[in-house]
1. Can you tell me the length gained on complete extension of the stretch residue 13 to residue 56, counting 0.36 nm per residue apart and subtracting the Cα distance?
2. Kindly state, to the nearest 0.05, the FRET efficiency for residue 41 paired with residue 78, given R0 = 25 Å and r defined as their beta-carbon distance.
3. 7 Å from Cα along Cα→Cβ at both residue 95 and residue 4: what's the point-to-point distance in nm?
4. For the ranges 90-100, 35-45, 64-74, what's the packing order if you count other beta-carbon atoms within 10 Å of each residue, average per peptide, and put the highest first?
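The numbers here are math on the coordinates, done by the rules we state, and not lab data. Just so you know, these numbers come straight off a predicted model, no measurement behind them. Note that each Cβ is placed from the backbone with ideal geometry, even for glycine, and that neighbours are counted across all protein chains shown.
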Amino acid sequence: MKNISLVVVMLITVLLASCSKEDMPANDRDINVQYTGTSVENRSAKEYTNFYFTVKSKVQAPMEGYVEAVTTMNEKLKTERFSLSIGETKEISIKKEGVIVDKNYIKSYKVYAIPVNLNPAFPNKGVPGFINNPINSFPVRWKDAK
C-alpha cells in the first residue's frame with residue numbers, strides 16, 4: 001500500500017513540474033505587430049492596395065496566426081494565416097481591391113496567434129495542437145496581442 005501511494009505522489013509531482021507556466025507565452029507583448037504602410041499594385045487591369053504589417057515573435061515556440069485590421073469605415077480585413085518560428089520577424093500584407101490614398105485608412109489592428117504543435121509523435125507536423133489533440137474538450141484560445 002505504501003508503494004502505491006508513493007508512486008501516486010511521484011506521478012503527481014512529475015505532472016505538476018512538467019506543466020509549468022514557463023512553457024506558455026507570458027503576456028501580450030510576446031508577439032508584436034506594427035503597421036508599416038501601403039503600396040498600390042496593378043494586375044490584369046485592376047488596381048489593388050496592399051497594407052503591410054511587420055509581425056515579430058518573441059515566444060519560445062513556433063506560432064501560427066493572422067492579423068486583423070479595422071478600417072475607418074469599420075470594415076474588418078484579415079491576412080492569410082502565417083507561421084512564425086522562434087524569434088522570427090515577417091512582413092505580412094492584406095490586399096484590398098481599389099486604390100486607397102488615405103494614410104489613416106487603417107484605424108486599428110491586432111495579431112491573433114496560437115502555438116503550433118511540432119511534436120514528431122503526431123503525423124501532421126505544423127498543425128496547431130488542438131487539431132491533433134485526442135482530448136475533445138481541450139479549451140483552445142487564440143492569443144490576442146497588439
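1. Extending this stretch completely gives an extra 11.9 nm.
2. Numbers: r = 19 Å, r/R0 = 0.74.
So the FRET efficiency works out to roughly 0.85.
3. Those two pseudo-labels are separated by 6.5 nm.
4. Top to bottom by mean Cβ count within 10 Å: 64-74, 90-100, 35-45.
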